[in-house]
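Trainee: The structure is given below, and queries will be raised subsequently.
The values are calculated or read from the model by the stated rules, or taken from the named source; none is laboratory data. These numbers come from a predicted model, not from an experiment. Because the Cβ atoms are built from the backbone with ideal geometry, glycine has one as well, and the counts that use them run over all protein chains shown. Note: areas computed on protein heavy atoms with side chains; ligands, DNA, RNA excluded. Shrake-Rupley method; radii C 1.70, N 1.55, O 1.52, S 1.80 Å.
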Amino acid sequence: MIELPRLPRATRLSRVGIVIAGLVAAAPSAARADADAGAAADADADADADADADAGSYAAADDAGGTGAVLDLDATTSVAAAAAADVSRVVAGLGGFDSAVDVDLYTAVDGRAGDRDGVAVGSAGVTATVDAGWGAAPRATGTLDVAVAGGGGSPLVTARGEGDVDLTVCVDDRECGALWPYALHGEVEVGVLPALAARPGLGALPYTRVRDWFEVGIRYGDGRRRFDLLPIRIGSGATWQDGRYLREDLAEAAIVRTCRRRGGDAPERCLDVVAFDMTGVAGDHDLAVGTFWPVRVRGVAVGDGAYLDVAAGVGGTGTMTTSVDGEVVSVIDTDGVPDVAAGLYDVALAHRGGGVDVDVQARRSLVVWLDGDLSVDDRLSAELRWARGASAWTARGFVARTLTFTERDAPGVGTRSGGGELSLSRPLRGYDLGVSVAVARSYYARVGDSGRAVGLGGQGSLTLRRRVASRHRGARAQ
């Protein structure tokens, strides 16, 4: 059962001046400080003098038609000064605003062939990228790609978009904090055909998906360390494909998350204690899936430029109940598939340096299909990136075994998939040229097939991209 917390209107973080906290919470804090100082002074003052002053003040207020409230100009001035000092400290700590806006135009030809037929699609589109904020945070980033495509029965317009807002505020190198919520995220895909290497869950047809989530909790830290108490991520999503519809409720939480930042491009070292997540879907039939991770560790240095992520846990089907302030607003119970429980693992190794960047991941995950069926997916994937002169190369590969449960009393059906992709990017007469070729035994080899047959397919793409606008200001302009 998931109990969503009652979100306060404002939360004051100890010793952290935040723009909103400075405006909303600084005044009450200063007022309390003045009240304490006044109380101490009153204790030392003569009681009769205090009584006379109070009587006179209340009489004046009554004469003015008031309710007996006393307006203390000195206290009001003190409150305003304290609030102004907090805001000034925040502004000084934030530093200057910086932003970057880039716009690219591109044209592309994509082809895909399976063991039955093939399809070719031509497209032309625009990609816009925005990155704006004050230093590391608060910050907003986003990317939107919109294209007009034709051929192969593709939708007329395809789109991909993703955006993040980080509301954390670092006042100086020693203090960082955030109000609830401190992170927002949204993503959208319209008319997108699944890639050959994509995880199962859809048919080999264009789909549309919308997801969003927000993260709440209490964040505090300094320039190098970050501490999150009860970080909770709550979201929802919806997917449409070939007349079918899937609604998702998403929740993820941990008791404590602590991270240590490293310099340069090195990843953070993070520890999640007692983490869990749940996904509830409503499709052809309902399904609730939950996972539990006692400990998750990310970014552990295991060598020169090598970093390891490790997590082990359990997961399975059940019931997802969502309530707000004690009132149940949604109940999703598993039906149509058997009760499933499985041990889970997620191990990733990243290496940077030596001219080649390497990422390897072995993971078992629970995958929810569009119609509400469930799969246990074991997957090993790898990616290598290197440069030769002006050319940037990327090689990717994966192998997977997927066990799918489709009926209440039926055993799972196992399938195997795998493949690889090689891509090249290089400048060409003012353009960026991109070429990629992929071959895989995949759920998405047979374009137009809404079923779950695995087949052998190939995919190739040729893209020409040119930047037409770039406006940077502040630190981004340097």
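Trainee: Take each of the peptides 271-279, 458-466, average the number of other beta-carbon atoms within 10 Å over its residues, and list them starting from the highest.
Mentor: Highest to lowest by the protection proxy: 271-279, 458-466.
Trainee: Find the accessible area per residue for region 331-478; the probe is 1.4 Å, ligands and nucleic acids are left out, and the unit is Å².
Mentor: Normalised by residue count, the accessible surface of region 331-478 is 53 Å².
Trainee: While we're here: Any number yet on Rg/Rh for region 189-238, C-alpha, Kirkwood?
Mentor: 1.23
Trainee: Right, here's the next one. Extension gain residue 262-residue 407, at 0.36 nm per residue separation less the Cα-Cα distance, in nm?
Mentor: Length difference between fully extended and current span is 47.4 nm.
Trainee: Also: Suppose R0 equals 41 Å; then what is the FRET efficiency for residue 470 and residue 384 from their Cβ-Cβ distance, rounded to the nearest 0.05?
Mentor: After rounding, the FRET efficiency stands at 0.90.
Trainee: State, in angstrom, two size descriptors of region 293-447 derived from its alpha carbons: Rg to one decimal place and Dmax to the nearest whole number.
Mentor: Rg, Dmax (Cα atoms, Å): 20.5, 63.
Trainee: Packing-wise, with mean Cβ within 10 Å as the measure, how do 119-128, 429-438 rank, highest first?
Mentor: Values: 119-128: 16.5, 429-438: 14.3.
Most protected by this proxy first, the peptides run 119-128, 429-438.
Trainee: Oh, and also: With a ≥ b ≥ c taken as the square roots of the eigenvalues of the C-alpha gyration tensor of region 268-367, please select rounded if a/c is under 1.5 and otherwise prolate if a/b is larger than b/c or oblate if it is not? Walk me through the intermediate numbers first.
Mentor: Working: a/c = 3.09, a/b = 2.23, b/c = 1.38.
It comes out prolate by the Cα gyration axes.
Trainee: From the gyration tensor of the Cα coordinates in region 353-403, what semi-axes in whole Å does the equivalent ellipsoid have, largest first, with each one equal to sqrt(5λ)?
Mentor: 32, 11, 7
Trainee: At 0.36 nm per residue, minus the direct Cα-Cα distance, what do residue 327 and residue 124 gain on full extension? Give it in nm, one decimal, please.
Mentor: So the chain would gain 68.2 nm between residue 327 and residue 124.
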